[in-house]
Amino acid sequence: LLVTFVSADSHGTSQYLVHDPKSAEELSEAIDAAIMTVLSKPKWFSNLKNTHQYVQAHLVTTCSPSPSKWQWPDKASATGLLKRVFDSNELKVAGVQWASQIADYTTDGLNPTGYWADYLQAIVDEFNAHYSTSVQIRRIYYPNSVEVGDRVADGTVDMSEPYYYLGGFHGGKPRIESLHFSCVTAGTAGIFIVKSDARIATLDALNSAIASGSNKKIGFIGQGNYDSVKDILDDTAVAVFETDGVVLANQVADGTLLAGYVSEGAPPDPTRFMEISTGIISPRVALFKKDVDTCSCPDNTNTNTNTGAADAGGACTGTGTGGSSRVVINMFNSQSGSCN
């Protein structure tokens with residue numbers, strides 16, 4: 001979509017407002033419509049939860065699951081990342097390879113199993129049913145959630161997996177402000193686990209042990225997990241990251257870690273561990289690129305290179321010698337929705 005602001009001057013000193021060519025707006029609308037279609041099915045959420053014994057998953061909604069109220073963007077006029085999905089017949093999804101009792105992205109990364117894999121497949125199935133397409137999920141894995149956020153933000157991928165914490169960070173800013181995101185897919189109640197004989201039964205007792213003991217290491221499966229609970233931990237706690245939930249639990253059991261944070265299912269062997277409630281339910285979402293509109297100075301001379309620039313007031317000045325426009329970044333006024 002291109003919105004043009006035309007001046008009366010035949011040389012065209014006004015600028016063009018150019019919408020993000022990798023806009024995720026329409027794709028996120030389609031994914032939200034698919035999520036709401038899935039969640040509107042009687043007992044779908046509870047059946048998925050019970051199938052994978054994901055006892056910590058809760059139906060936490062920011063969107064009302066009424067399919068008739070959610071708009072599916074038109075396929076024929078699709079733009080941005082939604083058009084890319086249709087053209088390529090694939091949905092590029094970013095994530096990290098990890099494993100726990102309720103999900104396994106490590107054994108066969110191309111065909112992961114578990115709660116979240118089934119959830120995303122259900123979303124894509126509804127997408128395909130609505131558009132009469134056969135779009136396939138193409139998973140792209142990155143070393144950590146920081147890089148996942150970066151690749152979502154620059155449009156390298158279409159979206160993230162649907163399990164990301166809304167409360168995380170991206171680029172030093174809250175995800176809720178720096179990225180776009182889907183309707184909440186689930187809320188998860190995290191717990192800390194400690195050795196069954198550790199005599200640590202409460203969060204206060206855990207923080208006392210961190211503050212006074214020599215072992216201050218707390219295990220997490222990813223950065224987002226840590227960010228969601230770091231403010232309730234003693235400030236001397238040392239975060240250790242381990243993407244394999246079984247390995248993390250074993251490190252708690254052998255004393256390498258004082259405690260481990262679990263948000264992806266029950267501990268591997270409840271008889272070996274004591275559970276400590278965090279009292280926090282964390283919303284999970286799929287992350288999308290946040291659109292960035294720009295302003296472009298029009299080419300007025302129809303020759304080969306453009307030397308036109310924007311003056312302090314935002315108007316295009318100078319003479320161009322080219323067939324392409326020079327993009328002027330940071331001239332877009334997000335409040336007025338126009339070029340300054």
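The values are calculated or read from the model by the stated rules, or taken from the named source; none is laboratory data. Values in this document were obtained by computation on a predicted structure and should not be read as measured data. Glycine also receives a Cβ, built like all others from the backbone with ideal geometry; neighbour counts cover every protein chain displayed. Keep in mind that these areas ignore ligands, DNA and RNA; they rest on the heavy atoms of the full protein, side chains included. Shrake-Rupley method; radii C 1.70, N 1.55, O 1.52, S 1.80 Å.
Side notes on the structure shown:
- Residues of the stretch 132-152 satisfying the condition of being closer than 30 Å to Ala76 by Cα, surrounded by fewer than 20 Cβ atoms within 10 Å (Cβ to Cβ) and not charged (D, E, K, R): Ser132, Thr133, Ser134, Val135, Gln136, Ile137, Ile140
- Annotation note: Cβ proximity below 6 Å between a residue of the stretch 114-127 that is in contact (Cβ under 8 Å) with a residue 40 or more places away in the chain and a residue that is surrounded by 22 or more Cβ atoms within 10 Å (Cβ to Cβ) and part of a helix (DSSP H, G or I) (sequence gap 6+ or interchain) occurs for Ile123/Ala34; Ile123/Ile35; Glu126/Ala34; Glu126/Thr37; Phe127/Ala34.
- If you go through the stretch 164-218 and keep only what is of a type in the set (Phe, Trp, Tyr) and surrounded by fewer than 21 Cβ atoms within 10 Å (Cβ to Cβ), you end up with just Phe169.
- Restricting attention to the stretch 270-294, the residues that are among the basic types (Lys, Arg) and assigned to a helix (DSSP H, G or I) total 1.
- Long-range neighbours under 7 Å by Cβ, at least six apart or interchain, first residue closer than 22 Å to Gln101 by Cβ within the stretch 35-50, second part of a helix (DSSP H, G or I): Trp44/Val38; Phe45/Leu39; Leu48/Tyr115; Leu48/Asp118; Leu48/Tyr119
- Failed item in (1) more than 26 Å from Pro174 (Cα to Cα); (2) at pLDDT 95 or above, with Asp150 passing the rest: (1)
- Taken together, the residues in the stretch 50-90 that are crowded, with 16+ Cβ neighbours inside 10 Å, part of a helix (DSSP H, G or I) and at pLDDT below 95 amount to 1.
- Annotation note: of Ser77, Ser40, Ser28, the sole residue that is out of contact with any Ser or Thr (no Cβ under 9 Å at 6 or more places or on another chain) and of a type in the set (Gly, Ala, Ser) is Ser77.
- Unmet criterion (only one of (1) open to solvent by 40 Å² or more (accessible area, probe 1.4 Å); (2) touching a residue at least 12 places away in the same chain (Cβ under 8 Å); (3) under 25 Å from Thr61 (Cβ atoms)) for Ile221: (1)
- Residue match in the stretch 235-247 (condition: under 17 Å from Trp98 (Cβ atoms), charged (D, E, K, R) and not in a strand (DSSP E or B)): yes
- With respect to the conditions (1) in a loop (DSSP other than H, G, I, E, B); (2) surrounded by fewer than 19 Cβ atoms within 10 Å (Cβ to Cβ); (3) touching a residue at least 12 places away in the same chain (Cβ under 8 Å), Gln101 falls short on a single one, namely (2).
- Residue in the stretch 114-131 that is under 30 Å from Val292 (Cα atoms), in a loop (DSSP other than H, G, I, E, B), open to solvent by less than 60 Å² (accessible area, probe 1.4 Å) and touching an Asp or Glu at 6+ places or on another chain (Cβ under 7 Å) present: no
- Single residue of the stretch 241-257 satisfying the filter (more than 22 Å from the chain's Cα centre (by Cα) and open to solvent by 40 Å² or more (accessible area, probe 1.4 Å)) that is farthest from Tyr141 (Cα to Cα): Asp254
- In the stretch 15-49, of all residues being out of contact with any Asp or Glu (no Cβ under 7 Å at 6 or more places or on another chain) and outside any helix (DSSP H, G or I), the one that is surrounded by the most Cβ atoms within 10 Å (Cβ to Cβ) corresponds to Gln15.
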